[in-house]
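The block underneath contains the structure these notes are about, expressed in structure tokens.
The values are calculated or read from the model by the stated rules, or taken from the named source; none is laboratory data. The model shown is predicted, which means the values in this text are computed figures rather than measured ones. Because the Cβ atoms are built from the backbone with ideal geometry, glycine has one as well, and the counts that use them run over all protein chains shown. Each accessible area value is taken on the protein alone, full model and side chains, heavy atoms only, with ligands, DNA and RNA left out. Shrake-Rupley method; radii C 1.70, N 1.55, O 1.52, S 1.80 Å.
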Amino acid sequence: MCGIIAYAGHRPAVPVVLEGLRRLEYRGYDSAGVAWQMRGQLHIARASGKLQSLEDKLASMPAITATCAMGHTRWATHGAPVERNAHPHLSNDSGLAIVHNGIIENYRELRENLEKMGYRFYSETDTEVLINLVSEYVKSGLDVLPAFAKALKQAHGAYAVCMLSKDEPGVIYAARMSAPLIFGKGVGENFIASDIPAFLPWTREVVFLEDGQIVCASANEYSVYELDRLSLAAAPVRKIQWDMQAAQKDGFKHFMLKEIFEQPRVIRDGMTGRVQGEKVVLPELDKLPVPERLHIVACGTSYHSGLWARYLLEPWAGIACDVEIASEFRYRDMVLGEREMAVFISQSGETADTLAALRKAKAVGVPAIGLCNVVGSSIAREADAALFTQAGPEISVASTKAMSSQMLALALMAIYWGQRKGSLKADAEAALLAQLADLPALLDDNLPEMRKRAKELAQKYAQARNFFYIGRGFCWPLALEGALKLKELSYIHAEGYAGGELKHGPIALIDASLPTFALAPEDALFPKIKSNIEEIEARAGRVIALVNPGSDVSATDVWAVPALPASVAGFLILPALQLFSYEVADYLGNDVDQPRNLAKSVTVE
């Protein structure tokens, strides 16, 4: 969730670090800080709030000529979001500075031991405990690297850390355990960051650090070590193909709006190379058997993608399918049999609960497929097979094009397994692939008008304090996602329901002050959802009905989108829901790309 960048090189380091922090703003934060080495001392500057507060503070300070520095944007896990808890933190003797993502689970025990030795703590963070533990081992006679390693071995939990020592100018130490951290290899300069965009303007050569690895880097050298024995580790350098244009707004007011309008391209890219003629080709899965039962495990929006895909996997591939919330799956006593498999969905590939669930499944012998957007991410590396959604960088915290790309990949997976099992007829497969191929042009043609209608409705309903979303069949997971998006962006309480559940309690809340967004495409369940709409209107409830042209639905507001077969209609319904939430939030003046209390990648439990 938090952002880290560290730099050692030939440039003024603090401006490089600040630019890197700007590129990590999408991760969400409540404070920021930097540390640098100059004239034999470590210096820090910290501020609560947005990055601008830190920049204002630095602007009032004397010129900073340091060529080695590190920075952090914090999303609070231990301690309130105030300056004293902001990173970086100094050791008591001011000899070491640290920034940290993650949670040290046994920090209370470690803190109590250090307090008995006379250490004082000036924050409520677990991070300050860790840097003083390193300091204690340095005082005992260890060099910085072994002291760093020894302290990390004492720390239980998840972490990505960077550290500076005043006694080793120009050197950065960093390590990871169950939290993302990436090394960027430059020319006469090196970088460490929690995500690639932080250093992308300067280098595209990266090393994806593994759990239990430490990197020691200066301007011209770096070494990667295994934490356990401090032996040198293999550290292959990979080339990243992203360019910075992918992280610009291209004239759109917000990244979220840009990313909604990128969905046609995402679908085209996601099919490229995977559809050959009238066949789906997924060589990543060729070595795995076709499962008899599939567990789809994910969180948030990715969980909704999995729920939607179940309606394809069961009829097309003939695979029994369970969809699980990762934070529950990882702690449940599972009964798993042979010929079962699990798919773990995460846009970042670093979602803590999903990664833990993957490891649990693998520990009991269940083959794991990772479905994610980031090459080199933990889930991609640890899964038995990885399928990449090819959505490109998604900057806005609220996920949009990532869900479309996940839905497409899961649809292709269902067709692919249907091919292998023979459960999907050739003519049906050809028709499905043709429908998917037509989607990008259809979206390009309709997104501008959909945005216009979303804006009209947003202005009418933005003052609501509660909202229902309902759907049936394929539309039920989309109703859940629509409600989630409205909550995330507008801070309006919203709940998504399967339409048939209304009578089992929620209908008691219906009145003129609680509007309902009903997904009512003319599919096999259209008569059922139409009946739900009538029940709501009979109780004076206002309804936005998303329908197909020519529909006979009577509702307070009707929004017509082109008719599509139920299996692919979601690719048109989804951006309508996203646009409505976006326009409501924008009308209310909210920070669309960085909603309060949220972060892009949830890398702590």
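Assorted remarks:
- Options GLY9, GLY49: the member that is farther than 19 Å from ILE395 by Cα, modelled with pLDDT under 90 and open to solvent by 10 Å² or more (accessible area, probe 1.4 Å): GLY49
- Count of residues meeting criterion [more than 22 Å from the chain's Cα centre (by Cα) and either modelled with pLDDT of 95 or more or at negative phi (or both)] in segment 55-86: 22
- Checked against the criteria, PRO315 counts as free of Cβ contacts under 8 Å to residues at least 24 places away in the same chain and open to solvent by 60 Å² or more (accessible area, probe 1.4 Å).
- Considered as a group, the residues in segment 412-449 that are out of contact with any helix residue (DSSP H, G or I) (no Cβ under 7 Å at 6 or more places or on another chain) and among the acidic types (Asp, Glu) include one that is surrounded by the most Cβ atoms within 10 Å (Cβ to Cβ), and that residue is ASP438.
- The residues on offer are GLU338, GLU324, and the sole one that is farther than 20 Å from ILE415 by Cα, at pLDDT 95 or above and either of a type outside the set (Gly, Ala, Ser) or not in a helix (DSSP H, G or I) (or both) is GLU324.
- Top-ranked residue in segment 513-539 [being hydrophobic (A, V, I, L, M, F, W, C) and open to solvent by 60 Å² or more (accessible area, probe 1.4 Å); ranked as farthest from LEU457 (Cα to Cα)]: ALA524
- Which listed residue is farther than 18 Å from LEU230 by Cα and either modelled with pLDDT of 95 or more or outside any helix (DSSP H, G or I) (or both), from TYR122, TYR137: TYR122
- Pick from segment 52-81, criterion β-branched (Val, Ile, Thr) and out of contact with any Cys (no Cβ under 7 Å at 6 or more places or on another chain), ranking: most open to solvent (accessible area, probe 1.4 Å): THR65
- Condition check for THR354: closer than 26 Å to ASP269 by Cβ, of a type in the set (S, T, N, Q) and open to solvent by less than 10 Å² (accessible area, probe 1.4 Å): yes
- Index of the failed condition, GLY473 passing every other in (1) on the phi > 0 side of the Ramachandran plot; (2) open to solvent by 40 Å² or more (accessible area, probe 1.4 Å); (3) in contact (Cβ under 8 Å) with a residue 60 or more places away in the chain: (2)
- Count of residues meeting criterion [open to solvent by less than 60 Å² (accessible area, probe 1.4 Å) and at positive phi] in segment 548-588: 0
- The lone criterion from (1) within 24 Å of the chain's Cα centre (by Cα); (2) assigned to a helix (DSSP H, G or I) left unmet by LEU443 is number (1).
- Against the test of being in contact (Cβ under 8 Å) with a residue 24 or more places away in the chain and either surrounded by 19 or more Cβ atoms within 10 Å (Cβ to Cβ) or under 30 Å from ARG204 (Cβ atoms) (or both), the options LEU371, LEU336 yield a single qualifying residue, LEU371.
Rundown of residues vs (1) surrounded by fewer than 14 Cβ atoms within 10 Å (Cβ to Cβ); (2) not charged (D, E, K, R), yes/no style:
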site: ALA193; (1), (2): no, yes
site: LEU200; (1), (2): no, yes
site: ASP211; (1), (2): no, no
site: ILE214; (1), (2): no, yes
site: ALA219; (1), (2): no, yes
site: LEU227; (1), (2): no, yes
site: ALA234; (1), (2): yes, yes
site: VAL237; (1), (2): yes, yes
site: GLN241; (1), (2): yes, yes
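- If you filter segment 267-308 down to residues that are hydroxyl-bearing (Ser, Thr, Tyr) and under 20 Å from the mean Cα position of the chain (by Cα), you find that the one that is most open to solvent (accessible area, probe 1.4 Å) is TYR303.
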